[in-house]
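Any read-out appearing in this document is the output of simple, stated calculations on the displayed coordinates, not a laboratory observation. All figures in this text were calculated on a predicted structure; none of them were measured in a lab. In this analysis, Cβ positions are derived from the backbone assuming ideal geometry, glycine residues included, and neighbour counts consider all displayed protein chains.
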Amino acid sequence: MVCLGNICRSPLAEGILASKLPKEHFIVDSAGTGNWHVGNPPDYRSIAAASKKGITISNQICRQITISDFTDFDYIYVMDSSNYQDVMHLAETGEQQKKVQLILNELYPNQNKAVPDPYYGEEKDFDAVFELLDKACAKIANQLITQYSFK
């Protein structure tokens with residue numbers, strides 16, 4: 001899961017998807033395209049939005065995406081077109097580029113909708129982003145569990 005700073009959207013997406021998958025079979029992580037918040041926890045408002053739904057993300061540490069993520073992960077979901085362009089620029093091969101997808105295309109195929117960045121918003125904006133990501137992650141989790149035959 002990738003967003004700009006790895007403090008709002010991608011930590012939420014990481015926590016949500018991880019909560020929907022069997023931990024013994026899947027690794028879910030998040031990163032930012034920028035390095036401003038490396039080493040910090042997620043934004044307190046993302047932590048609060050997740051906590052309201054019983055998901056703990058306060059233990060996550062912000063990091064920047066690296067080329068090794070293309071080896072370490074089968075899928076790289078990005079939050080908006082800017083993140084998409086930044087991650088595609090980092091990819092070195094066509095196979096790596098195929099791993100990069102806009103997360104909301106799971107809900108709205110080929111519409112390339114962005115997950116709104118709640119950073120300059122209010123608590124309700126973080127809650128709305130949580131709900132949007134929860135729907136996308138539910139679809140992703142169902143696909144992965146079916147694909148890998150886990151129940």
**Message:** Using a 10 angstrom Cβ neighbour count of at most 13 plus a DSSP loop assignment to flag exposed chymotrypsin sites (Phe, Trp or Tyr not before Pro), which longest range of the chain is free of such sites?
**Reply:** 37-119
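Can you give the extra length, in nm with one decimal, that the chain gains between Asn35 and Ile61 once fully stretched, where that is 0.36 nm per residue apart less the Cα-Cα distance?
8.2 nm
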**Asked** What fraction of the Cα pairs in the chain, stated in percent, has a spacing above 23 angstrom?
**Response** 30 percent
**Fill in**
Given 137-143, 107-113, the highest-first ranking by average Cβ count within 10 Å works out to 137-143, 107-113
**Request:** Hey, can you grab everything whose amide H is under 5 Å from the amide H of Val78? Only 5+ residues off in sequence or another chain; H modelled, so Pro and N-termini drop out.
**Result:** Val2, Gln101, Leu102, Ile103
**Request:** Sum up the lysine pairs in region 70-151 that clear both bars: alpha-carbon distance under 20 Å and a spacing of 8 or more or different chains.
**Result:** 10
**Request:** Take the Cα radius of gyration of region 77-121 and divide it by 2.2 N^0.38 Å, with N its residue count; two decimals is plenty.
**Result:** 1.21
**Prompt:** For Lys124 and Ile145, what is the calculated FRET efficiency with R₀ set at 30 Å and r taken between the beta-carbons, to the nearest 0.05?
**Reply:** 0.45
**Request:** Note the full-extension length gain between Leu107 and Lys135 as 0.36 nm times their separation in residues minus their Cα-Cα distance, in nm to one decimal.
**Result:** 9.3 nm
**Request:** Specify whether the C-alpha gyration tensor of region 15-87 places it in the rounded, prolate or oblate class, a ≥ b ≥ c being the square roots of the eigenvalues: rounded for a/c under 1.5, otherwise prolate if a/b is larger than b/c and oblate if not.
**Result:** oblate
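Net charge near Gly54, counting Lys/Arg +1 and Asp/Glu -1 over other residues with Cβ under 13 Å of its Cβ?
Result for the local shell: +2.
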**Item:** Helical segments meeting 18 Å axial Cα length and Kyte-Doolittle 0.5 threshold in the chain (DSSP H)
**Value:** none
**Request:** Report the normalised scattering of region 88-151 as log10 I(q)/I(0) at q = 0.13 Å⁻¹, calculated by the Debye formula with identical scatterers on the alpha carbons.
**Result:** -0.50
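Can you list which of the trypsin sites (Lys or Arg not before Pro) found in region 4-67 are DSSP loop residues with at most 12 other C-beta atoms within 10 Å? If you can, show how the numbers build up before the last one.
Numbers: sites: Arg9, Lys20, Lys23, Arg45, Lys52, Lys53, Arg63; in loops: Lys23, Lys53, Arg63.
Passing sites in region 4-67 are Lys23.
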**Asked** With the dipole of region 1-150 worked out from charges on the C-beta (+1 for Lys and Arg, -1 for Asp and Glu) around the Cα centre, which of Cys8, Ile67, Pro22 lies farthest toward the positive end?
**Response** Pro22
